[in-house]
Amino acid sequence: GPKVLQIPSHQIIDMGQMVTLNCDPVSNHLYFYWYKQILGQQMEFLVNFYNGKVMEKSKLFKDQFSVERPDGSYFTLKIQPTALEDSAVYFCASSSGLNSQNTLYFGAGTRLSVL
Amino acid sequence: QQKVQQSPESLIVPEGGMASLNCTSSDRNVDYFWWYRQHSGKSPKMLMSIFSNGEKEEGRFTVHLNKASLHTSLHIRDSQPSDSALYLCAANNSGGSNAKLTFGKGTKLSVKS
């Protein structure tokens, strides 16, 4: 079936540095999402993105976070600068539409460790 | 405060048995539920969705929804070892829009042969 690829699967970074998480969504999808999962907790919505713009973001989407998908390449989540509390697994997802008929496809996640 | 509660946290059933997983939302505005399955180290994959009272069956999987109590349950009959995974319940209150889902922590199902 359709696959969302996330690169890398694990990233270790020093606090204060910048990190970019990459997501290769399903090829014909138009809507993109990031979710954050702290160890032992539920996945939580961060942001959704369509037509080059953020549609909606949660309070977890701090000012240090940004998303983009330049020229149809990777959909990226950038954190600059990183903080210890950013350590989590970040899941990317994509869909062809927003209604319930359009399945959300998730990647396997990128585990970010901020030291 | 967590708005989607799942129970039990973990469940062990014998091969061929019935697994029953529960999910309740504390948000009165929720009107749509999804069930996802996530095998270890893999991506969550959507199993079923439901928004009408009653039940919906697809193969060995049956989902129930009681909108008055905002409770949904997933039942897996004739459980197989390959069903061993983390089952996630998700909900939203946007008339079925999947733009922003609220997830529970999940139920870890182990099917023992």
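The values are calculated or read from the model by the stated rules, or taken from the named source; none is laboratory data. Here the structure is a predicted model, which means the values were calculated and not measured. Counting neighbours? That spans all protein chains shown, and the Cβs are built from the backbone with ideal geometry, glycine included. Ligands, DNA and RNA are stripped out before the accessible areas are found, and what is left, the full protein with its side chains, is counted by its heavy atoms. Shrake-Rupley method; radii C 1.70, N 1.55, O 1.52, S 1.80 Å.
From the residues in the range A:104-115 that are surrounded by fewer than 21 Cβ atoms within 10 Å (Cβ to Cβ) and of a type outside the set (A, V, I, L, M), which one is nearest to the other protein chains (Cβ to nearest Cβ)?
Keep residues of the range A:104-115 that are surrounded by fewer than 21 Cβ atoms within 10 Å (Cβ to Cβ), which gives A:108, A:111, A:113-115.
Checking the rest, the ones that are also of a type outside the set (A, V, I, L, M) come to A:111, A:113.
Numbers: A:111: 10, A:113: 16 Å.
Residue satisfying both the conditions and the ranking: A:111.
Evaluate the range A:22-34: report whether one residue or more is touching a strand residue (DSSP E or B) at 6+ places or on another chain (Cβ under 8 Å), among the hydrophobic types (A, V, I, L, M, F, W, C) and either at positive phi or at the interface with chain B (Cβ under 8 Å from one of its Cβ atoms) (or both).
Initially, the range A:22-34 is screened for residues touching a strand residue (DSSP E or B) at 6+ places or on another chain (Cβ under 8 Å), giving A:22-26, A:29-34.
Applying the additional criterion that residues be among the hydrophobic types (A, V, I, L, M, F, W, C) yields A:23, A:26, A:30, A:32, A:34.
Next cut, either at positive phi or at the interface with chain B (Cβ under 8 Å from one of its Cβ atoms) (or both) only: none.
Scanning the range A:22-34, I find no residue that is touching a strand residue (DSSP E or B) at 6+ places or on another chain (Cβ under 8 Å), among the hydrophobic types (A, V, I, L, M, F, W, C) and either at positive phi or at the interface with chain B (Cβ under 8 Å from one of its Cβ atoms) (or both), so the answer is no.
Only strands (runs of 3 or more DSSP E) wholly contained in the range A:16-102 count here; list those with 1 or more residues that are free of Cβ contacts under 8 Å to residues at least 24 places away in the same chain and surrounded by 21 or more Cβ atoms within 10 Å (Cβ to Cβ).
On the way: elements: A:19-24, A:31-37, A:43-50, A:53-57, A:65-68, A:75-79, A:88-95.
Of the strands (runs of 3 or more DSSP E) lying wholly inside the range A:16-102, those with at least 1 residues that are free of Cβ contacts under 8 Å to residues at least 24 places away in the same chain and surrounded by 21 or more Cβ atoms within 10 Å (Cβ to Cβ) span A:43-50.
State whether one or more residues within the range B:74-89 are within 25 Å of residue A:93 (Cα to Cα), surrounded by fewer than 17 Cβ atoms within 10 Å (Cβ to Cβ) and out of contact with any His (no Cβ under 7 Å at 6 or more places or on another chain).
So in the range B:74-89, the residues within 25 Å of residue A:93 (Cα to Cα) come out as B:74, B:82-89.
Those left that are additionally surrounded by fewer than 17 Cβ atoms within 10 Å (Cβ to Cβ): B:82.
Filter again for out of contact with any His (no Cβ under 7 Å at 6 or more places or on another chain), leaving B:82.
Yes: one or more hits.
Please go through the range B:32-48 and give me each residue that is of a type in the set (Lys, Arg) and more than 8 Å from chain A (Cβ to nearest Cβ), ordered by number. It would help to see each step written out before you state the result.
If we filter the range B:32-48 for residues that are of a type in the set (Lys, Arg), which is where we start, we get B:37, B:42, B:45.
The one that is of a type in the set (Lys, Arg) and more than 8 Å from chain A (Cβ to nearest Cβ): B:37.
In this structure, is residue B:21 in a strand (DSSP E or B) and free of Cβ contacts under 8 Å to residues at least 40 places away in the same chain? Step through it out loud before you land on a result.
On the way: in a strand (DSSP E or B): yes; free of Cβ contacts under 8 Å to residues at least 40 places away in the same chain: no.
So residue B:21 does not fit the description; no.
Can you report the number of residues in the range B:29-58 which are surrounded by 13 or more Cβ atoms within 10 Å (Cβ to Cβ) and either under 15 Å from residue B:104 (Cα atoms) or touching a residue at least 12 places away in the same chain (Cβ under 8 Å) (or both)?
Total satisfying the criteria: 18.
Being surrounded by 14 or more Cβ atoms within 10 Å (Cβ to Cβ) and not hydrophobic (A, V, I, L, M, F, W, C) is true for just one of B:113, B:26, B:97. Which residue is that? Can you show your working first?
Numbers: B:113 fails: surrounded by 14 or more Cβ atoms within 10 Å (Cβ to Cβ); B:26 fails: surrounded by 14 or more Cβ atoms within 10 Å (Cβ to Cβ).
None of the other options fit; the residue is B:97.
Which condition from (1) at pLDDT 95 or above; (2) crowded, with 19+ Cβ neighbours inside 10 Å is the one that residue B:71 breaks?
All conditions pass for residue B:71, except number (2).
Name the residues in the range B:1-18 that are of a type in the set (S, T, N, Q) and either away from chain A (no Cβ under 14 Å) or in a strand (DSSP E or B) (or both), would you? Spell out the reasoning first.
Residues of the range B:1-18 of a type in the set (S, T, N, Q): B:1-2, B:5-7, B:10.
Hits for the range B:1-18 are B:5, B:6, B:7, B:10.
Considering only the range B:32-61, how many residues are of a type in the set (S, T, N, Q) and part of a loop (DSSP other than H, G, I, E, B)?
Residues of the range B:32-61 of a type in the set (S, T, N, Q): B:38, B:40, B:43, B:49, B:52-53.
Still in the running and part of a loop (DSSP other than H, G, I, E, B): B:40, B:43, B:52-53.
Residues meeting the conditions: 4.
For residue B:11, indicate whether it is open to solvent by less than 20 Å² (accessible area, probe 1.4 Å), under 15 Å from the mean Cα position of the chain (by Cα) and either closer than 30 Å to residue A:110 by Cα or free of Cβ contacts under 8 Å to residues at least 40 places away in the same chain (or both). Full working, then the answer.
Numbers: open to solvent by less than 20 Å² (accessible area, probe 1.4 Å): no; under 15 Å from the mean Cα position of the chain (by Cα): yes; either closer than 30 Å to residue A:110 by Cα or free of Cβ contacts under 8 Å to residues at least 40 places away in the same chain (or both): yes.
No: the conditions fail for residue B:11.
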